[in-house]
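The values are calculated or read from the model by the stated rules, or taken from the named source; none is laboratory data. On a predicted model such as this, the values are computed, not experimentally measured, just so you know. So basically every Cβ, Gly included, is an ideal-geometry build from the backbone, and we count neighbours across all protein chains shown. To get the accessible areas, we keep the full protein, side chains included, count just its heavy atoms, and leave off ligands, DNA and RNA. Shrake-Rupley method; radii C 1.70, N 1.55, O 1.52, S 1.80 Å.
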Amino acid sequence: MISLRGKVALVGAADSRVGIVPDLDANELCADAILLSLADAGIDKDQVDGLITCNSMSKPMLYHAEAMAEYLQIFPRYCFAAGAGGGTTFSILHHAASAIVTGMADIIVIAMADCLSSGLSREQSLLVQSSTGHPQFEQPYGPTVPAYYALIAHAHMAKFGTLPEHFAEIAVACRAHAIQNKTAQMRDPITVEDVLNSRMIADPLHLLDCSLVSDGGAAIVMTSAERAVDFPHPPIYLLGVGEGHSHEHISQAKSLTTSAARESSKQAYAMAGLGPKDMQFAQLYDCFTPTVLLELEDLGFCKKGEGGPFISSVGIGPDGSLPVNTHGGLLSHCHPGNPGSMFALTESIWQLRHSAGKRQVSNANVGLLHAQGGIMSSHTTLILGRDAS
Amino acid sequence: MNRIQPQVSGLSSEFFDGCNEGVLRLQHCKSCKAIQFYPRVFCKVCSGRNLDWVNASGKGNVASFTVVRKALTEGYKAPYIVALIDLKEGPRMMSNIVNCEPELVTVGVGVRVVFSAWSDTLSLPVFELSNEK
Ligand SMILES: [Zn+2]
């Protein structure tokens, strides 16, 4: 197998406006993010020969990437749209890296946006996201998206003694990061008590255990390590990547408490020649707080079952030993659905460029990013670094 | 507004016909004897294609559960319990736990199947607490 380690780099990154953006639809936001990312990379759109997107829920188009290329009047030789839920971003990045190494394209833009807040009613948004459930054997029983993750949370609590307080600490930490990020949708400080006192949505998940419903988009520009040095910003290199896909429907999961993040991270660590202790920060998919706790365990930051005590003792907020979701995550920065982890990616690029301003993690040289889609179904782990070797 | 209705397909009709007759039916592999749910065109254990159906005991235990406080659609009346049930025969299925206070449900508790009308023509399996472990 060809190792991708150090072979490709991220040379441009941009977020659109996020939160509530009523004046642009999902595809317009996507185009906006692409143009901003090209400006950040200092290149013209005609230099792009690869485009990968993810369809939106609020304004879907049958051939999304082709339609976006047409909108932008770019004519790539590599163009497709992918969809694997929240795991899409990093999975796409894996494909893009492979495409660059094999010569399918030289400069690839990855972009996605959606408007779950302004483009859909609250009810539509709830229903379209919960359609991840099995249409014959799950959906009839009325599971909402929080309910799927609540099943995971209860199983972890029963098996390992994890407490609602542990989940709440994750929401508090993400909010503490968001307070330092002026683009974040939610910036009022919260406490563990606030989380526990917020409305119960699906036991044991409270309102503040759940990610936001937002509009927003982001885009990145990627090229080979050789070309990357000619761009205005220091290139951020892909050091490791791996994927794991264990199921789609939660009732078919091999385990409710251990995910395929184990497999994806094992490959990423092996490729990078690094381990969890080498990471100065981690951006972990936080659609609901229990996801982060399972990921900390499955990615090897602590032992299985010890996620709760790990969060309490080590700390994942701005002052913790392992800052997690330095932009505020899906819980407090923004969550427009499938594009959600794009913001973890752009944030990581800024952290590794050392341009994250007030929320800069000191000596940030290597970071881990993890996203999952479905209901803890499809997992991709990335390791990014300032240096190619 | 109705609850979400499953679309009955050719392969799954044996399961849904069973529900209407008050029997929980599971797919059974004639080659390796594995019992599986949901129904597939092959045995997920030995990849054999020779499958028939067996009647399940309808007994199981709660693998996990949640109390949905904000309903999926107007067809559902919150609060309601969504659970994953480990059937005595092995397979896990999603269902509702009915006829009990949410506070009485715990991970591991014993349940037994009952059938609930989802439409004029279709019943689905749901579960009640049993006093068995
Ligand atoms: Zn078999």
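For the reader, a short list of remarks on this structure follows.
- Selection of the stretch B:64-101 for residues being closer than 20 Å to A:ILE201 by Cα, more than 7 Å from chain A (Cβ to nearest Cβ) and open to solvent by less than 20 Å² (accessible area, probe 1.4 Å) yields B:GLY75, B:ILE81, B:ALA83, B:ILE97.
- Output for the stretch A:104-124, where each listed residue is within 12 Å of chain B (Cβ to nearest Cβ) and in contact (Cβ under 8 Å) with a residue 60 or more places away in the chain: A:ARG122
- Pairing residues of the stretch A:130-155 that are on the phi > 0 side of the Ramachandran plot and facing chain B (nearest Cβ under 7 Å) with residues that are open to solvent by 10 Å² or more (accessible area, probe 1.4 Å) and among the hydroxyl-bearing types (Ser, Thr, Tyr), at Cβ distances under 7 Å and at least 6 apart in sequence or on separate chains, gives A:GLY142/B:TYR76; A:GLY142/B:TYR80.
- Options B:ARG40, B:ARG25; residue that is within 14 Å of the ligand (Cβ to nearest atom), closer than 19 Å to A:GLN136 by Cα, at pLDDT 95 or above and of a type outside the set (A, V, I, L, M, F, W, C): B:ARG40
- Strands (runs of 3 or more DSSP E) enclosed by the stretch A:176-247 - at least 1 residues per element that are within 14 Å of chain B (Cβ to nearest Cβ): A:200-202
- Output for the stretch A:86-116, where each listed residue is within 20 Å of A:ALA261 (Cβ to Cβ) and surrounded by fewer than 24 Cβ atoms within 10 Å (Cβ to Cβ): A:HIS94, A:HIS95, A:ALA97
- Residue selection: A:SER16 fails the criterion of being touching a residue at least 12 places away in the same chain (Cβ under 8 Å) and surrounded by fewer than 19 Cβ atoms within 10 Å (Cβ to Cβ).
- Within the option set A:PHE75, A:PHE160, A:PHE167, being out of contact with any strand residue (DSSP E or B) (no Cβ under 7 Å at 6 or more places or on another chain), assigned by TED's automatic domain parsing to the domain that holds A:PRO309 and open to solvent by 30 Å² or more (accessible area, probe 1.4 Å) holds for one residue only, A:PHE160.
- Candidates B:ASN61, B:ASN55, B:ASN131, B:ASN96 - the one that is modelled with pLDDT under 95 and more than 16 Å from the ligand (Cβ to nearest atom): B:ASN131
- Residue under evaluation B:SER9, criteria (1) away from the ligand (no atom under 16 Å from the Cβ); (2) open to solvent by 20 Å² or more (accessible area, probe 1.4 Å); (3) modelled with pLDDT of 95 or more, criterion not met: (3)
- Matching residues, the stretch B:13-51, being buried (at least 18 other Cβ atoms within 10 Å of the Cβ) and within 12 Å of B:LEU122 (Cβ to Cβ): B:PHE15, B:PHE16, B:GLY18, B:CYS19
- Search result, residues across the stretch A:64-87 that are assigned to a loop (DSSP other than H, G, I, E, B) and at pLDDT 95 or above: A:GLN73, A:ILE74, A:PHE75, A:PRO76, A:ARG77
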